[in-house]
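The values are calculated or read from the model by the stated rules, or taken from the named source; none is laboratory data. Just so you know, these numbers come straight off a predicted model, no measurement behind them. Cβ sites come from the backbone with ideal geometry, for glycine too, and all protein chains shown count toward neighbours. Each accessible area value is taken on the protein alone, full model and side chains, heavy atoms only, with ligands, DNA and RNA left out. Shrake-Rupley method; radii C 1.70, N 1.55, O 1.52, S 1.80 Å.
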Amino acid sequence: MAIAQRRLLPGRNRAATSNLLTVLHAYKPDSPYRPFMPPLSGTLDEVGYLADHLDQLENPAPPADPKAVARLSQP
C-alpha cells in the first residue's frame, strides 16, 4: 500500500475519497496537498473509477454468507 494511501484514506468513505481525489485533480494554488503531491492526471471519469477502486481497498464488502449464496443458486 502506498504511503499516501495509508495516511490519507483510512476512515474515508467513497464520497470522502472522491472529494480528496477531486482536490488533487484540480491542483489549485491554495491546495494543502500541493507541496506534497503532484497533480492527479486523467479525466473526471477516470478519477471516479480510481475513487471506486480505492474505496473497495479501504472498505471491502463483507464476505458473502455461504448459506445465502447456496439458497440463491437453488431453483
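General observations
- Applying the criterion of being open to solvent by less than 90 Å² (accessible area, probe 1.4 Å), part of a loop (DSSP other than H, G, I, E, B) and among the hydrophobic types (A, V, I, L, M, F, W, C) to the residues of the range 26-66, the residue that is farthest from Pro10 (Cα to Cα) is Ala64.
- Checking each residue in the range 28-53 for being of a type in the set (A, V, I, L, M) and in contact (Cβ under 8 Å) with a residue 24 or more places away in the chain picks out Met37, Val47, Leu50, Ala51.
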